[in-house]
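Single-structure report; data block below.
The values are calculated or read from the model by the stated rules, or taken from the named source; none is laboratory data. Bear in mind that the values here come from a model prediction, so they are computed numbers and not experimental data. As a convention, Cβ positions derive from the backbone with ideal geometry for all residues, glycine included, and neighbour counts pool all protein chains shown. For accessibility, only protein heavy atoms count, side chains too; no ligands or nucleic acids. Shrake-Rupley method; radii C 1.70, N 1.55, O 1.52, S 1.80 Å.
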Amino acid sequence: MRPHTGAAAVDRLDIAGALWTLVRTDFKARYHGTVMGFVWAMLKPVAMFLVLMSVFTFVFSNQPNYTIRLVLGLFLYDYFQESTKAGLVSLHAKGYLIGRSRFPRWLLVLASTANPLLVIATASLAIVACLGLMGRSPGPLALALYGLYLVLFGLIVIGFSLATSVLFVRYRDLNQVWDVITQAGLFVAPIIYPIGVLPERFHYLVYLWPPTPVIEFSRSVLIEGVVPTARAHALLVGAAAASLGVGALVYRRLAPTTPEHL
């Protein structure tokens, strides 16, 4: 008996190749017609880093640690904000591809987070280089842990995006609600203020907001040279696994009927 054609097509599909094609197409469309094209994707975060460092170093000249902590926190939060917004509307924005292509729809969700990922990767290189110029180069362990935090952060974002991408096509106000939440969340996460100014009994509430542990752990290993506890790492891994698991379940349940709502 001949296997089902659709299933066989998916089995033969080069997932990595399809994802790369979607990411490449998105970048080409995003920077089409510009003189420098793809270079802008890396130049913009570097320029922003230089501006932020220059301004805040001048304003907080007697607190050098505060400036680099602030800039790192801002870039990490920007990644969370931009990637979740892109993931939320990904299926709706690329709805014209659904039904015309054989690749799994969840690849559209993954591809939508590529540009914010490039921004945080470029910004991270700039921050590490700056720490080196300050004579405070992070060691191999610190860099490895920071890379782990970015991976876990990415999994949290993907889990959120999988769930919200199929919910958004049904509830179009969701992106407006999320905009308000992420704008307020900028002041919930300890980015502008140090978490130490809050009474310790409130710290766990702040840590419930996903960007908080990633920002605090990243600052700890890169800037302060202190490795968080094994329990803290276990909780972050658990949060990433829970986000990805719940997101996958919601997506799997609602994705089959998504084309009806586009």
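Restricting attention to region 93-111, the residues being of a type outside the set (A, V, I, L, M) and at pLDDT 90 or above number 1. Being more than 29 Å from Ala248 (Cβ to Cβ), modelled with pLDDT under 95 and surrounded by 18 or more Cβ atoms within 10 Å (Cβ to Cβ) is the requirement here; does Ala126 meet it? It is true that Ala126 is more than 29 Å from Ala248 (Cβ to Cβ), modelled with pLDDT under 95 and surrounded by 18 or more Cβ atoms within 10 Å (Cβ to Cβ). A single entry from Arg170, Arg105 fulfils the requirement of being open to solvent by 60 Å² or more (accessible area, probe 1.4 Å) and at negative phi: Arg105. Residues in region 96-117 that are under 16 Å from Ala29 (Cα atoms) and not polar (S, T, N, Q): 6 in all.
Answer with yes or no whether Ala234 is in a helix (DSSP H, G or I) and without any contact (Cβ under 8 Å) to a residue 12 or more places away in the chain. Judged against the criteria, Ala234 is a match. You will find that of Leu131, Leu150, Leu145, the residue that is open to solvent by less than 20 Å² (accessible area, probe 1.4 Å) and closer than 26 Å to Leu52 by Cβ is Leu131 and no other. On the given criteria, is Trp20 at pLDDT below 80 and of a type outside the set (S, T, N, Q)? So Trp20 fails the test.
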